[in-house]
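Visitor: Have a look at this one before I ask anything.
What follows is calculated from the coordinates using simple rules that are stated; it is not laboratory data. This structure is a prediction, so every number in the text was calculated from the model and none was measured. Neighbour counts run over all protein chains shown; Cβ positions are idealised from the backbone, glycine included.
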Amino acid sequence: MTIFCPFCGEKLVDEAKFCKNCGKSVENYTHINNDTNTNPYSFQPPVEEKSHTLATVLGFLLAVLIPLFGIIIGIYLVTRNDNSNAKKYGTIIIVLGALVWILSFFTAIFM
Ligand SMILES: [Zn+2]
């Protein structure tokens with residue numbers, strides 16, 4: 001394969017670190033070209049996310065039944081960095097738990 005200097009257009013030897021015409025470093029460019037050439041069909045499979053289904057289901061249940069524990073599980077889910085859904089559901093559980101908690105206070109006052 002032929003690589004040309006990205007600065008002056010001079011034809012370069014494979015694995016050349018410097019352009020022999022303008023003297024600029026072309027190492028990065030030749031390496032990028034080599035990587036894409038040796039592995040043209042390689043692709044990164046999506047990183048498998050850890051599932052927190054049990055904690056999520058438990059969180060929703062507890063948010064309604066025992067809001068304090070629901071909120072704790074919600075915080076646990078929000079702090080998981082290995083799953084974007086856990087963060088999303090954790091936030092919902094915290095809000096839900098807080099709402100149920102507030103509602104239970106109101107019913108306690110007005111009952
Ligand atoms: Zn050059």
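Visitor: At a 10 Å Cβ-Cβ cut-off, how would you order Tyr76, Tyr89, fewest neighbours first? Provide the component values of the computation, followed by the final result.
Guide: Details: Tyr76 16, Tyr89 24.
Ascending number of Cβ neighbours within 10 Å: Tyr76, Tyr89.
Visitor: Using alpha carbon coordinates only, what is the Rg to Rh ratio of the stretch 53-110, with Rh defined as the Kirkwood radius? Write out the running numbers ahead of the final one.
Guide: Working: Rg = 11.6 Å, Rh = 11.0 Å.
Here the Rg-to-Rh quotient is 1.05.
Visitor: Here's a follow-up. Once the piece of chain linking Lys24 and Thr2 is laid out straight, how much longer is it, given 0.36 nm per residue of separation minus the C-alpha distance between them? Display every interim value, and only then the final one.
Guide: Numbers: separation 22, 0.36 × 22 = 7.92 nm, distance 1.75 nm.
That works out to 6.2 nm of additional length.
Visitor: Sticking with this one: Between Ser84 and Leu65, what is 0.36 nm times their sequence separation minus the Cα-Cα distance? Round to one decimal in nm.
Guide: 4.3 nm
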